[in-house]
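Asker: The following block contains the structure, expressed as structure tokens.
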């Protein structure tokens, strides 16, 4: 007789748990859910879609990449945002990061992504 298969953790619980560890509020978690699945509700998602959200959130947590953007890098991105005149419209930076790096906040970038983001924002600023 074989041993029973180990139980998988509920992906919904994993999503909320990882979100709490990252300091995300409900709106942030739902933004990741929407970005990954195109749906606004976890109930409307299949198990496979929820697993995709768990993987994306683990990447944000740094479990797979292991390195988050430093405080200095995030500060530089924020200064570039102000220089571009985007401070009054925070959605512009969010849309830029979402389009090119698939994250909603600069704090969620890896070190490499943060470096690329600063270089690309510098190029945008030089064109103005």
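Asker: What ranking do 124, 74, 32 get, fewest neighbouring Cβ atoms within 10 angstrom at the top?
Answerer: Fewest-to-most ranking of 124, 74, 32: 124, 74, 32.
Asker: Return, for the Cα atoms of segment 20-65, the radius of gyration and Dmax in Å, separated by a comma.
Answerer: For segment 20-65, the Cα-based Rg and Dmax read 10.2, 29 Å.
Asker: Also: Can you give the angle from 0 to 90° between the axis of helix 90-101 and the longest principal axis of the chain, with both taken from C-alpha atoms, to the nearest 10?
Answerer: Approximately 60 degrees, to the nearest ten.
Asker: Okay, next question. For segment 71-126, what is the relative contact order in percent, using Cα pairs closer than 8 Å and at least 6 residues apart in sequence?
Answerer: Over segment 71-126, the number comes to 45 percent.
Asker: Kirkwood hydrodynamic radius, computed over distinct alpha-carbon pairs, for segment 71-126: how many Å, to one decimal? If you can, show how the numbers build up before the last one.
Answerer: Numbers: mean 1/r = 0.0916 Å⁻¹.
Roughly 10.9 Å, rounded to one decimal.
Asker: Let me ask something else. Assuming 0.36 nm per residue, please report the length gained on full extension of the stretch residue 34 to residue 59 beyond their Cα-Cα distance.
Answerer: Taking 0.36 nm per residue and subtracting the Cα distance, the gain is 7.4 nm.
Asker: Still on this structure, please answer the following. At 7 Å along Cα-to-Cβ for each site, give me the label-to-label distance between residue 51 and residue 12 in nm.
Answerer: So the label points at residue 51 and residue 12 sit 1.9 nm apart.
Asker: Given the convex hull over the Cα atoms of the chain, what projected area results after averaging over all orientations, in nm²?
Answerer: 9.5
Values quoted throughout were computed directly from the atomic coordinates according to the rules given, and no laboratory measurement underlies them. These numbers were taken from a predicted model, which means no experiment stands behind them. Note that we place each Cβ from the backbone using ideal geometry, even for glycine, and neighbour counts take in every protein chain shown.
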